[in-house]
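Undergrad: Dropping a structure here in structure tokens format, bear with me for questions.
The values are calculated or read from the model by the stated rules, or taken from the named source; none is laboratory data. This one's a predicted model, so the numbers in the text were calculated from it and none came from an experiment. Cβ coordinates were reconstructed from backbone atoms using ideal geometry, including for glycine residues, and neighbour counts include every protein chain displayed.
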Amino acid sequence: MRLLICLLTAFLLLSSCGKKPTATDIINVRGQDVYITHADKITDTVDIILSDLLEYCEVIPLETIEESFISRAHKVAVSENYIAIKDSEKTPLKLFTRDGKYLRDIGAVGRGPDEYNISLYGVQIDEARDQLYLLPFANARQILVFGTDGLAREHIPLRFQQRKFRAWVENDIVTVLGIPFKQDSAVVFQQTIDGDLIQYIPPEEYHMALDFNSEVSSSHNTGAYDFFQAFYSKTQKDTLYHYDVEANKLVPRYTVDFETDEWPIYFCYDLPGYYYAWISGRGIILADKETTETSYIRFINDFYGGIEVSMHWDTSNGMFISSISALDLKKEIERCLDEDQDEEIIKKLEKLDSEIDENNNDILFVGKFSGSN
């Protein structure tokens, strides 16, 4: 909240100097360039083709057997050789090979040892150690660790109990970004995998949630520890930060404002070359970091003839991940084949259509963002 007051004050000063506000402005706040998008000034919606953002895009049909079915991909992690998916049902995390072959369930849903709640708040695959890190939902005291063989390993104790949180494990260091309650001691901290505290940031009042009716995100798409909190039960404006490890501080990067009295719920994310925001009831805003050009957008998968990317997509660790049901994909393929396409795309679509049945498991489209680590 305090940051937004500074941002809006700076914006008013900029306007009073005769500069006409654009959809996205860059404002210097305490020596840091902060991007602020004025959502109500955006009137156009444009199609963004994935080849402008991604180095490649591959289609991955998930194996269709009883054990592998997912209802809707909720949390997805992708590595060089594996895909881990937690759906929205009371089923365990499922591990697939990178080409979609089902391997096994990881852990189990429950309240016993080595079990987790229905929801997981995040998943990370560590191929160097041949293991996965699972972030439990609500009042977590540890990060669950499982081998790719499905067996539980030594879990990582958390120095501070977490309500909802994101975490990244790299080089034996755990970076945790969470939503603290009033009685909690840290909003962001680093520790060793053994639980020894390295450093932490005490929460300000605007970091604290009143209850579990709030969310936190960190996509790690640019190598930075990006951090965004969305509060549903508090009236305040929310900002995307980067966690500066060296200085042990949160640095503001991007936010959105509105001219209406009641602001919609929104989430802000970081991408190589762009910021984007999902705004409830409105759609996705994409802001170019270099030009500040900003618009509402639809993603079009031009790698596969212009398939429109469904609402079930996400970004994590520099990867773009979209899931679609087999039935919906066949409908999209049919639509695309009715349009003018070059011969290579027609063959690609016809081949894909022939390989899937409408009753098959979901299909993923996975790509790497250009400029990501």
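Undergrad: Of everything in the range 301-314, what is surrounded by fewer than 19 Cβ atoms within 10 Å (Cβ to Cβ) and assigned to a strand (DSSP E or B)? Give them in sequence order.
TA: Glu308, Trp313, Asp314
Conditions tested, residue by residue: (1) buried (at least 21 other Cβ atoms within 10 Å of the Cβ); (2) within 16 Å of the chain's Cα centre (by Cα).
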site: Ser79; (1), (2): no, yes
site: Lys86; (1), (2): yes, yes
site: Thr91; (1), (2): no, no
site: Gly112; (1), (2): no, no
site: Asn117; (1), (2): no, no
site: Arg129; (1), (2): no, no
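Undergrad: Right, next: Looking at the range 137-154, which of its residues are out of contact with any His (no Cβ under 8 Å at 6 or more places or on another chain), more than 22 Å from Leu103 (Cα to Cα) and surrounded by 15 or more Cβ atoms within 10 Å (Cβ to Cβ)?
TA: Phe137, Ala140
Undergrad: Here's a follow-up. Given the residues Tyr243, Tyr269, which is the only one that is more than 15 Å from the chain's Cα centre (by Cα), of a type in the set (Ser, Thr, Tyr) and in a strand (DSSP E or B)?
TA: Numbers: Tyr269 fails: more than 15 Å from the chain's Cα centre (by Cα).
On inspection, the qualifying residue turns out to be Tyr243.
Undergrad: How about the range 326-373: which of its residues are of a type in the set (S, T, N, Q), at pLDDT 95 or above and crowded, with 18+ Cβ neighbours inside 10 Å?
TA: Asn360, Asn361
Undergrad: Tally up the residues in the range 179-230 that are in contact (Cβ under 8 Å) with a residue 24 or more places away in the chain and in a strand (DSSP E or B), please.
TA: Selection size over the range 179-230: 19.
Undergrad: Look at the range 28-41 and say how many of its residues are in contact with a strand residue (DSSP E or B) (Cβ under 8 Å, 6 or more places away or on another chain) and either buried (at least 19 other Cβ atoms within 10 Å of the Cβ) or small (Gly, Ala, Ser) (or both).
TA: 5
Undergrad: With the condition kept exactly as written, say whether any residue in the range 161-176 is exposed (fewer than 14 other Cβ atoms within 10 Å of the Cβ), farther than 18 Å from Ser218 by Cβ, free of Cβ contacts under 8 Å to residues at least 60 places away in the same chain and of a type in the set (A, V, I, L, M, F, W, C).
TA: No, because not a single residue in the range 161-176 is exposed (fewer than 14 other Cβ atoms within 10 Å of the Cβ), farther than 18 Å from Ser218 by Cβ, free of Cβ contacts under 8 Å to residues at least 60 places away in the same chain and of a type in the set (A, V, I, L, M, F, W, C).
Undergrad: Kindly indicate the residue of the range 34-86 that is among the polar types (S, T, N, Q) and part of a helix (DSSP H, G or I) and also nearest to Ser295 (Cα to Cα) among those meeting that condition.
TA: Ser51
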